[in-house]
1. Would it be correct to say that residue 180 is more than 14 Å from residue 87 (Cβ to Cβ), in a loop (DSSP other than H, G, I, E, B) and in contact with a strand residue (DSSP E or B) (Cβ under 6 Å, 6 or more places away or on another chain)?
2. Determine whether region 156-175 contains at least one residue that is within 22 Å of residue 75 (Cβ to Cβ), in contact with a strand residue (DSSP E or B) (Cβ under 9 Å, 6 or more places away or on another chain), assigned to a helix (DSSP H, G or I) and modelled with pLDDT of 95 or more.
3. Kindly indicate whether residue 97 is under 11 Å from the mean Cα position of the chain (by Cα), in contact (Cβ under 8 Å) with a residue 12 or more places away in the chain and surrounded by 20 or more Cβ atoms within 10 Å (Cβ to Cβ).
4. If residue 104 passes every condition in (1) under 23 Å from residue 189 (Cβ atoms); (2) assigned to a loop (DSSP other than H, G, I, E, B); (3) modelled with pLDDT of 95 or more but one, which one does it miss?
5. Just to check your reading of the model, which residue among 222, 185, 141 is closer than 20 Å to residue 108 by Cα and in contact (Cβ under 8 Å) with a residue 12 or more places away in the chain?
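The values are calculated or read from the model by the stated rules, or taken from the named source; none is laboratory data. Just so you know, these numbers come straight off a predicted model, no measurement behind them. Quick reminder, even Gly has a Cβ in these numbers, built from the backbone with ideal geometry, and neighbours come from all protein chains shown.
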């Protein structure tokens, strides 16, 4: 887990902020304080969100330039999720990139990846989502596990995201309980028969084989598990 956060005075001319971001260390969150919602929104509108991940909560704005390895892990986990949904015939809608923001809550952030399952029919076919009206994603993926993960989880909880997958050399599934707090569980509610340890094995295979071979191998494994009735121990 990364263990440092830089705290800077806000520079809300976009050209000045872009210059600051070019000089920060990748993988280290940078936090700006006393930032108004209009300033935060202006940043999102002018900068876009295709190469960084940010979060906002009650005047605190944090931004992170992802490490390549974390971006790769988020991509792999998302492909595994999509393959599982395909083989299990589950409705799914993936979003990337997207900013989940609610002015009434003074909260917003970009997941590494996120998906709809239960609420997919409510957002099906929509090219633009308004989170003041539309439901939040059912599952978010966080491959950037920094010292601010607790802060990001509190934002996810306030936004009502039911499940967050954290990848930090292993996969941790957090589910939102009745007290609007995340608890760690052994299985995803969307894939209750899938052992997390098996998914981690496939993520780590990325360093030894090409993408096509990896995802073909995973799909074959999933089909074998379905045919075998998902044995409790999983495949070795």
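1. Values: more than 14 Å from residue 87 (Cβ to Cβ): yes; in a loop (DSSP other than H, G, I, E, B): yes; in contact with a strand residue (DSSP E or B) (Cβ under 6 Å, 6 or more places away or on another chain): no.
For residue 180, the condition - more than 14 Å from residue 87 (Cβ to Cβ), in a loop (DSSP other than H, G, I, E, B) and in contact with a strand residue (DSSP E or B) (Cβ under 6 Å, 6 or more places away or on another chain) - is not met.
2. So far as region 156-175 goes, yes, one or more of its residues are within 22 Å of residue 75 (Cβ to Cβ), in contact with a strand residue (DSSP E or B) (Cβ under 9 Å, 6 or more places away or on another chain), assigned to a helix (DSSP H, G or I) and modelled with pLDDT of 95 or more.
3. Numbers: under 11 Å from the mean Cα position of the chain (by Cα): yes; in contact (Cβ under 8 Å) with a residue 12 or more places away in the chain: yes; surrounded by 20 or more Cβ atoms within 10 Å (Cβ to Cβ): no.
When the stated conditions are applied, residue 97 does not pass them.
4. (1)
5. Numbers: 222 fails: closer than 20 Å to residue 108 by Cα; 185 fails: closer than 20 Å to residue 108 by Cα.
Answer to the selection: 141.
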